[in-house]
Amino acid sequence: TKLDLPVDLFIFPIPDPAILSISGPISDHKMGSEIMSSGDEDKDDGLDFIEFSNYLKEHEKKLRLTFKSLDKNDDGQIDLMEIQQSLADLGLNISKEEAQKILQSIDVDGTMTLDWNEWREHFLFNPATDLQEIIRFWKHSTVLDIGDSLSIPDEFTEEEKTTGMWWKQLSAGAMAGAVSRTGTAPLDRMKVFMQVHSSKSNQISLVGGFKQMLKEGGLMSLWRGNGINVLKIAPETAIKFMAYEQFKKLLSSEPGKVKTHERFMAGSLAGATAQTVIYPMEVMKTRLTLRKTGQYSGMFDCAKKILKREGVKAFYKGYIPNLIGIIPYAGIDLAVYESLKNLWLSRYAKDSANPGVVVLLGCGTLSSTCGQLASYPLALIRTRMQAQASLEGSEQLPMNLMVKKILKNEGFFGLYRGILPNFMKVIPAVSISYVVYEHMRSELGIQK
């Protein structure tokens, strides 16, 4: 017997918008269709008794896990403080009054605490029960690639980790990054070119710079350095993700719960670990980007010549400013993104914790741009240190002397050479990476 589930079956007390982060209130029709799609194992647009029973069993397991994660003191009851703390752990701070509304909407016996039966009865037919639904909807470092890899890694829900969905999402993100970087490579090369060669005495305009590149090496020269820039995405993403998970375990004050400042510390350390391992590729990327026609035949030739002429130390030139740059970039990116996320959730969320494409792209772009703006002087110093050995007649200056020289000769804005092409590539990079990410999600069978 097939069950063409009536929409009326799924009408439950819809909580106040303030509690959307727990129950993710959705329309009755959407709720029914989500249950149908989740439980319909043979994809025949209906649920038979076995499919419906299996759905309820699996759903109850998830409900039990969520209940246990909220019940921090393991007393079998969820109280006001536990709800506030759980949402704070996810980066959403709510008032005592809002927490009371959550309890009142679910609390049947009026005790202002929730036991397992109350929790189960309220949410059994609601497919959006996972407290970490905010995490799922608000990923941005996995989805968006603007050319830098210094942001804090995204969180993955326990369900995504246990089902193996995390590696599919990282793979989709890596592919999106590869296409995005290739699409914006000419602007990235122009940024590096201006960072290294532009000065008060040698002003390089955007148009003039492109003309110079095309004259020297033709159209394909605009993509110099892109191969290794794409190649380093996979190892960097994998190392950062694995290191982040380990650092979270080490730094979290409560097992399984990570506060914002702990997430920032774990993310920064994970970024530093990944950068340390792949940094020689960063140096090679700069050298290959700036190379003249015939200077290197490829990546391996570049590595061989650097090693022969300058030794192993050359592969870590600019490492210190690069490492220091992680702190302002990651800190400001995380702070701005969390602030924008909380603002949207508290003011504009009506039916779901899902912000939609425009809000997600807008928040991610703005936070990443703010992070770039803060760390850009350090990125410029890093690039010049990476490149200086390959420039004829260039002094080999350490970081502090290079900063002094730039400030003396070019002033404060000398630290922002190349910022225009850098900002020009943000919107196309974000757009390309999002479109490719969504296509890859579909291809890899990642659920919405």
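Only one residue in 375, 339 is in a helix (DSSP H, G or I), at pLDDT 85 or above and surrounded by 19 or more Cβ atoms within 10 Å (Cβ to Cβ), so which one is that? Give the steps one after another, and end with the answer.
On the way: 339 fails: surrounded by 19 or more Cβ atoms within 10 Å (Cβ to Cβ).
Every option except 375 fails the conditions.
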**OP:** Please give the number of the condition residue 394 fails out of (1) open to solvent by less than 70 Å² (accessible area, probe 1.4 Å); (2) of a type in the set (S, T, N, Q); (3) within 28 Å of residue 180 (Cα to Cα).
**Re:** (3)
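If you check residue 403 against the conditions, is it at pLDDT 85 or above and farther than 28 Å from residue 315 by Cα?
Details: at pLDDT 85 or above: yes; farther than 28 Å from residue 315 by Cα: no.
Answer is no for this residue.
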Original post:
Within the range 239-257, can you find the residues that are open to solvent by 40 Å² or more (accessible area, probe 1.4 Å) and part of a helix (DSSP H, G or I)?
Top reply: 242, 246, 247, 249, 250, 251
Subject >> Residue within the range 415-431 that is loosely packed, with under 14 Cβ neighbours inside 10 Å and either under 13 Å from residue 169 (Cβ atoms) or free of Cβ contacts under 8 Å to residues at least 60 places away in the same chain (or both) present >> reply: no
Subject >> Options 323, 288: the member that is aliphatic (A, V, I, L, M), under 30 Å from residue 215 (Cα atoms) and either in a helix (DSSP H, G or I) or within 17 Å of the chain's Cα centre (by Cα) (or both) >> reply: 288
Original post:
Which pairs have Cβ atoms under 6 Å, sit 6 or more apart or on different chains, and link a residue in the range 67-81 that is surrounded by 12 or more Cβ atoms within 10 Å (Cβ to Cβ) to one that is assigned to a helix (DSSP H, G or I) and among the charged types (D, E, K, R)?
Top reply: 70/82; 72/82
Original post:
Filtering the range 258-281 down to residues that are open to solvent by 20 Å² or more (accessible area, probe 1.4 Å) and in contact with a Lys or Arg (Cβ under 8 Å, 6 or more places away or on another chain), which residue is nearest to residue 153 (Cα to Cα)?
Top reply: 263
Original post:
Of all residues in the range 286-303, which are among the basic types (Lys, Arg) and open to solvent by 20 Å² or more (accessible area, probe 1.4 Å)?
Top reply: 291, 292
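Filter the range 211-229 for residues that are open to solvent by less than 40 Å² (accessible area, probe 1.4 Å) and either hydrophobic (A, V, I, L, M, F, W, C) or in contact (Cβ under 8 Å) with a residue 12 or more places away in the chain (or both) and give the result.
At the first step, the residues of the range 211-229 found to be open to solvent by less than 40 Å² (accessible area, probe 1.4 Å) are 213, 217-218, 221-222, 224-226, 228-229.
213, 217, 221, 222, 224, 225, 226, 228, 229, listed by residue number.
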Subject >> Single match in 397, 420 (criterion: over 15 Å from residue 328 (Cβ atoms), of a type in the set (A, V, I, L, M, F, W, C) and not in a helix (DSSP H, G or I)) >> reply: 397
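The values are calculated or read from the model by the stated rules, or taken from the named source; none is laboratory data. All values reported here derive from a predicted model rather than from experimental measurement. Don't worry about glycine lacking a Cβ; one is built from the backbone with ideal geometry, like all the others, and counts go over all protein chains shown. With ligands, DNA and RNA removed, areas are computed over all heavy atoms of the protein, side chains included. Shrake-Rupley method; radii C 1.70, N 1.55, O 1.52, S 1.80 Å.
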